[in-house]
Amino acid sequence: MTGGTDARPRASAAGGAVPDLGVGVGLRVPHYRYIFDQWPSVDFFEIISENFMVDGGLPLRNLDRILERYRVVLHGVSLGIGSADELDDAYLAKLKALARRTRTPWFSDHLCWSQIDGTHLHDLLPLPYTAEVAEHVAERARIVQDLVGIPFALENLSSYLSFRESTMSEWDFYREVVERAGCWMMLDVNNVYVSSVNHGFDPWTFLDAIPWDRVIQIHVAGHSDRPDGTVLDTHDQAVKPIVWELYRYACERTGGVSTVLEWDDHFVSFPETHAEALKARSYRDGAARAT
Amino acid sequence: MTVLRVRPEARARLRRLQRSFADSVRTPLLILEDGHGLREESYDPMCVAAIADSPGCPGTRRLGVYNQQYWFRLLTVMQQELPLLRRLIGLTGFNRMVAAYLDLFPSRDASLARLSDRLVEFLNGDERWGSQLLRQAGLLDHLYIRAFDAADGAPLGMDGLSAERAARLLAEPVRFAPAWKLFREDWRLVQARLEARASSDDDAVIAPDPGIGYWAIYRDRHRGVIQEQVDANQYRLLALLDAGQTLTSSCAILAGEIGADACRRLEGSIGEWFHRWARLGWFTATA
Ligand SMILES: [Fe+2]
């Protein structure tokens, strides 16, 4: 792939389920011009699936240009795997078509719900953590993974509230869902931190409960501290040191898996964004040396 | 691992919780000239009761984070997607209009790009926001949105047409590219929209001059959405073709409307127009 990756996919992660693509960046519109002018060397890009689940036009033209030179993985925001609604067949058909077009080795979405009674709230909303809700989600995740036909990874949420009826911790719920579903984890270490502050738990406890052989991708991102002591998952700045520390720990446990920096607001130039992402390499390399 | 059967009651319980959460998240903001406020007292009591207390931050305030995020996200998308309406109404009024629209027509699609799908229907039926000017402006903004990611059709090639193919073109309905849209304005709205987009940080209200205009909105070969002005006869011909008339029958109808003399003067031009429009990619090849 000319102009694209110089870090060839390492052997594999998660017992060979998927390749380790290295360190990538979330593909965002403000960076298109730079990318198409310079074709920087980037291990891979992660795209927001819904932005390209369209009939035609510029989004698909841009995507096809990217695909000529780079590996791409899909990351969705609207599947709503935890919704009480039926799964949306039309959505899944478009997702499958996009997976084919991009040849993504896996796809991910969030452990959340986003719609009810057909009304979309366009947000990643938290679920009550109970065994039955875990099975409800797992059942749907199995169907989705079977239908799309490639590994499906669920991302842990950053959340601002929890429900009284929850009977298990977020990390037990997360593990329960992926193990029941036979699917994978897209671990967002920034989300672990954000939720740990918002809900008053120890982020290291969360990480110690992770079945690491299920983790096929990691997200890092920046967050904002609010005056009321809560933390917002804003993706609008550099990754904070505490999040890098959590990432280092995740690298030690996984030996290094595909990693993506998410940056969605107050954009900086592509080289600056990429440089921030590439900080992940030192943690991955350190973990690789230690093993 | 044993597979747990999810009891129907458990799914129904989850549905009730998500419904009450959705109602609370969609609670309208108080949109003021200098900001906004949350109506925490209007959140569904069932939802509030379902949220666990957290130290230093009551459940309603945490719900407020989602309520605020919902409106900020949707208002921001609509402000970007509907630059003309925004500048015609002004930011505060625009936000109130969007809030009223989404209250009546909440999003039914996973994609934020479909958020304004029923806006024209809303404007047509709304007394406060449904003036002729705003209805036309809303339609224009919407046409640009739909043209942006409509399907790519194979353009109709006009070079080296066989005689048989040319004859068929005259006798069969023309197929327009999915991204092609026709628009008639009573104010200089297309120009106003271009200016509004070029100064998207400017919130000053604009008042376009009256003036009838006819436009085709379409995508160029780089897939950017652009526009081309057409004259009244071209507009009428395109509208007839778009309504399923053949080129031959459209010309006959046009002749009946503008008179034989005027039509004879146009005769030489219509072929040129058609070739030009085909070169611009307005038509797609029929099967
Ligand atoms: Fe993430």
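Every read-out reported here was derived from the displayed coordinates using simple, explicitly stated rules and does not represent laboratory data. Treat the numbers as computed from the prediction; the structure is a model and nothing was measured. Cβ atoms come from the backbone with ideal geometry, glycine included; neighbour counts cover every protein chain shown.
What does the convex hull of the Cα atoms come to per residue for the protein assembly as shown, in Å³? Don't skip to the end; give the middle numbers.
Details: hull volume 102.2 nm³, N = 578.
Normalising the Cα hull of the protein assembly as shown by residue number yields 177 Å³.
What order do you get for B:101-114, A:152-165 when each peptide is scored by the mean count of other beta carbon atoms within 10 Å, highest first? Intermediate values should be presented prior to the final figure.
Details: B:101-114: 18.2, A:152-165: 22.3.
Answer by packing, highest mean first, reads A:152-165, B:101-114.
Determine Rg/Rh for region B:10-54; Rg is computed over alpha-carbon atoms and Rh is the Kirkwood hydrodynamic estimate from the same atoms. The partial results should precede the final answer.
On the way: Rg = 12.9 Å, Rh = 11.7 Å.
In region B:10-54, Rg relative to Rh is 1.10.
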Next on the checklist: Taking 8 Å as the Cα distance limit and 6 or more residues as the minimum spacing, I'd like the relative contact order of region A:176-291 as a percentage.
Outcome noted: 25
Item to check | Rounded to 5, the percent of DSSP beta bridges in region A:14-290 classed as antiparallel | outcome: 15
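Equivalent ellipsoid semi-axes for region B:82-223, as square roots of 5 times the alpha carbon gyration tensor eigenvalues: give them largest first, rounded to whole Å.
Values: eigenvalues 226, 63, 42 Å².
Values for region B:82-223, descending: 34, 18, 14 Å.
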Checklist outcome for this item: CD proxy, 222 nm, the protein assembly as shown: helix-only mean residue ellipticity via -39,500 (n - 2.57) per DSSP H run with n ≥ 4, per residue, nearest 500, stands at -14500 deg cm²/dmol
Checklist outcome for this item: Shielding of A:71-84 by other chains, given as the mean Cβ count within 10 Å, works out to 2
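If you build the convex hull over the alpha carbons only and average its shadow over all orientations, what do you get for region B:192-236? Give it in nm² to one decimal. Show your work: numbers first, answer last.
Values: hull surface 17.5 nm².
Here the figure is 4.4 nm², rounded to one decimal.
Classify region A:213-264 as rounded, prolate or oblate from the Cα gyration tensor: take a ≥ b ≥ c as the square roots of its eigenvalues, call it rounded if a/c is under 1.5, otherwise prolate when a/b beats b/c and oblate if not.
Working: a/c = 2.66, a/b = 1.97, b/c = 1.35.
Here region A:213-264 falls in the prolate category.
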Next on the checklist: I need the phi-derived Karplus couplings for region A:186-197: 6.51 cos²θ - 1.76 cosθ + 1.60, θ = phi - 60°, integer Hz, Gly and Pro marked x.
Outcome noted: 10, 7, 9, 6, 5, 4, 4, 5, 4, 5, 4, 6
Item to check | GNM top mover of A:Leu60, A:Leu87, A:Leu121 - chain A, alpha-carbon springs below 10 Å | outcome: A:Leu121
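Of the beta bridges DSSP finds with both residues in region A:109-263, what % are antiparallel, to the nearest 5? It would help to have the intermediate numbers written out before the result.
Working: 5 of 19 bridges.
About 25 percent, rounded to the nearest 5.
Need the full-extension length gain, B:Leu104 to B:Leu170, defined as separation in residues times 0.36 nm minus the C-alpha distance. One decimal, nm.
19.3 nm
Please compute the Kirkwood hydrodynamic radius over chain A, one decimal place, Å, based on all pairs of different Cα atoms. It would help to have the intermediate numbers written out before the result.
On the way: mean 1/r = 0.0522 Å⁻¹.
Evaluated over chain A, this radius sits at 19.2 Å.
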Checklist entry - Taking a ≥ b ≥ c as the square roots of the eigenvalues of the Cα gyration tensor of region A:134-291, is the shape rounded (a/c under 1.5), prolate (a/b larger than b/c) or oblate? => result oblate
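Roughly how compact is region B:150-287, stated as its Cα Rg over 2.2 N^0.38 Å to two decimals? Walk me through the numbers on the way to the answer.
Values: Rg = 17.0 Å, N = 138, 2.2 N^0.38 = 14.3 Å.
Cα Rg divided by the expected 2.2 N^0.38 Å: 1.19.
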Checklist entry - In a GNM of chain B with a 10 Å cut-off on Cα contacts, which of B:Leu182, B:Leu63, B:Leu161 has the highest mean-square fluctuation? => result B:Leu161
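If I take every Cα pair under 8 Å that is 6 or more residues apart in region B:1-136, average their sequence separation and divide by the length, what percent do I get for the relative contact order? Before the final figure, lay out each step's value.
Details: 96 pairs, mean separation 25.4, N = 136.
Answer for region B:1-136 is 19 percent.
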Checklist outcome for this item: In whole angstrom, the spacing between the Cα centers of region B:196-243 and region A:142-166 equals 44
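Tell me, what does the Kirkwood hydrodynamic radius of chain B come to in angstroms if you use every pair of distinct C-alpha atoms?
Details: mean 1/r = 0.0443 Å⁻¹.
Roughly 22.6 Å, rounded to one decimal.
Treat region A:29-141 as a sphere of radius equal to its Kirkwood radius over Cα pairs and apply Stokes-Einstein at 10 °C in a medium of 1.306 mPa s; give the translational diffusion coefficient in µm²/s, rounded to a whole number.
Details: Rh = 15.5 Å.
Approximately 102 µm²/s, per Stokes-Einstein.
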Item to check | Dipole-positive endmost among A:Leu125, A:Gln217, A:Thr230 within region A:109-243 (Cβ charges, Cα centre) | outcome: A:Gln217
Next on the checklist: If you average the C-alpha positions of region B:154-179 and of region A:27-74 separately, how far apart do those two centres end up, in angstrom?
Outcome noted: 34
Item to check | Bins of 5 Å, starting at 0 and running to the largest distance - Cα pair percent for region B:1-122 | outcome: 2, 10, 17, 19, 16, 13, 10, 6, 4, 2, 1, 0, 0
